[in-house]
Amino acid sequence: MRRGKYTKPTLIKNKVVVITGANSGIGKATAIDLARRGGKIYIACRARYRGKNAVVDIRRESGSNKVYFLQLDLASLKSIRDFSKKFHKLERKLDILINNAGIMACVKSSTDDGFEMQIGVNYLGHFLLTNLLLDLLKAAAPSRIVNVSAKAHEGGEIYRDDFMLDRSYTPIKAYAQSKLAIVLFTKKLANVLAGTKVTANSCHPGSVATKISRNMFRIFQYFKHRVFKSFLKTPAEGAQTQIRLAVDPDLKTTTGKYFYDCEEHEPARLARDDNTAEWLWNKSAQLVGL
């Protein structure tokens, strides 16, 4: 459960990096690592107070002052568009985009735009963000997009007739659908970007001791933190796969793939379905107004 480590001393001096949800957990660990490698890091998260505190921590632990906060609420299409406008004013290129933020197994609720919360935050928000930043990614080519999914995608399904799960919601069902959507999005995105030298890959970080499962049942939380904690990855360990995807020179042209424990693996059968990937892309573009 704790395998996979990226050990190369790869530097990314002068490269611009955006990491969503980097105020805590594996996102914060990724930011610390990439800042140490010389990157200019933007942490994008919803809470201004937590984001600014995270910048202080990341600067201290990495020894780099090139770490900045920009507010981003993935549950709001307006916030995502505002983030894109602000970022375009600050930077002329984007070398690495890591779509890391996520929520897990929350009670049924909706985003500002009426989307089921998990599909909205985990997937649709990142779908819009990525598309709005594609021009800057192309300007920096060769550049990279890393989408954080989960092993839970293996139990997921894309519910075309009930995409927001209005008729059949359960927390785990919604979570699995959102993580499957991320892998399918990555597959389609890689095809869309063919020939641009912008790559897109997805990954499963592993079983990590973070706050993402805070909405799970209390008994699960007890066993996670008291019994299984020694078997879980630390945030730094969980960040290794996305770090490798972001910087490893050997993966410069690798695209449309799925990784965990720092190695390429074949995703679930439904995650390899071209027809579903096409439907999902078109549905998503319609929902977010692209």
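The values are calculated or read from the model by the stated rules, or taken from the named source; none is laboratory data. Because the structure is a prediction, the values reported are computed rather than measured. As a convention, Cβ positions derive from the backbone with ideal geometry for all residues, glycine included, and neighbour counts pool all protein chains shown.
Mind listing whichever residues of the stretch 105-125 are modelled with pLDDT under 95 and either aromatic (Phe, Trp, Tyr) or surrounded by 18 or more Cβ atoms within 10 Å (Cβ to Cβ) (or both)?
If the condition is that a residue be modelled with pLDDT under 95 and either aromatic (Phe, Trp, Tyr) or surrounded by 18 or more Cβ atoms within 10 Å (Cβ to Cβ) (or both), then Ala105 is the only one that fits.
Kindly evaluate Ile182 against the criterion of being farther than 22 Å from Thr30 by Cα and either surrounded by 15 or more Cβ atoms within 10 Å (Cβ to Cβ) or modelled with pLDDT of 95 or more (or both).
Against the criterion (farther than 22 Å from Thr30 by Cα and either surrounded by 15 or more Cβ atoms within 10 Å (Cβ to Cβ) or modelled with pLDDT of 95 or more (or both)), Ile182 does not qualify.
How about the stretch 29-48: which of its residues are surrounded by fewer than 20 Cβ atoms within 10 Å (Cβ to Cβ) and either modelled with pLDDT under 95 or under 22 Å from Arg81 (Cβ atoms) (or both)?
Hits for the stretch 29-48 are Arg46, Ala47, Arg48.
Mind counting the residues in the stretch 235-273 that are part of a helix (DSSP H, G or I) and without any contact (Cβ under 8 Å) to a residue 24 or more places away in the chain?
Total meeting the criteria: 2.
Is it the case, given these coordinates, that Leu287 is in contact (Cβ under 8 Å) with a residue 60 or more places away in the chain, part of a helix (DSSP H, G or I) and more than 16 Å from the chain's Cα centre (by Cα)? Spell out how you get there, then give the answer.
Working: in contact (Cβ under 8 Å) with a residue 60 or more places away in the chain: yes; part of a helix (DSSP H, G or I): yes; more than 16 Å from the chain's Cα centre (by Cα): yes.
Yes: the conditions hold for Leu287.
Being surrounded by fewer than 20 Cβ atoms within 10 Å (Cβ to Cβ) and part of a loop (DSSP other than H, G, I, E, B) is the filter here; which residues of the stretch 50-72 pass it?
Gly63, Ser64, Asn65, Lys66
Pick from Ala139, Ala152: which is at pLDDT 95 or above and over 24 Å from Leu290 (Cβ atoms)?
Of Ala139, Ala152, the one residue that is at pLDDT 95 or above and over 24 Å from Leu290 (Cβ atoms) is Ala152.
Taking the stretch 4-49 on its own, how many of its residues are under 25 Å from Lys78 (Cα atoms), assigned to a loop (DSSP other than H, G, I, E, B) and more than 16 Å from the chain's Cα centre (by Cα)?
Residues in the stretch 4-49 being under 25 Å from Lys78 (Cα atoms), assigned to a loop (DSSP other than H, G, I, E, B) and more than 16 Å from the chain's Cα centre (by Cα): 1 in total.
Among the residues of the stretch 17-72, write down those that are in contact with a Ser or Thr (Cβ under 9 Å, 6 or more places away or on another chain) and either within 12 Å of Ala101 (Cα to Cα) or polar (S, T, N, Q) (or both).
Ile19, Ala22, Ser24, Gly25, Ile26, Gly27, Ile43, Ala44, Cys45, Arg46, Gln71, Leu72
Given the residues Gly114, Gly102, which is the only one that is under 19 Å from Ile243 (Cα atoms) and outside any helix (DSSP H, G or I)?
Gly102
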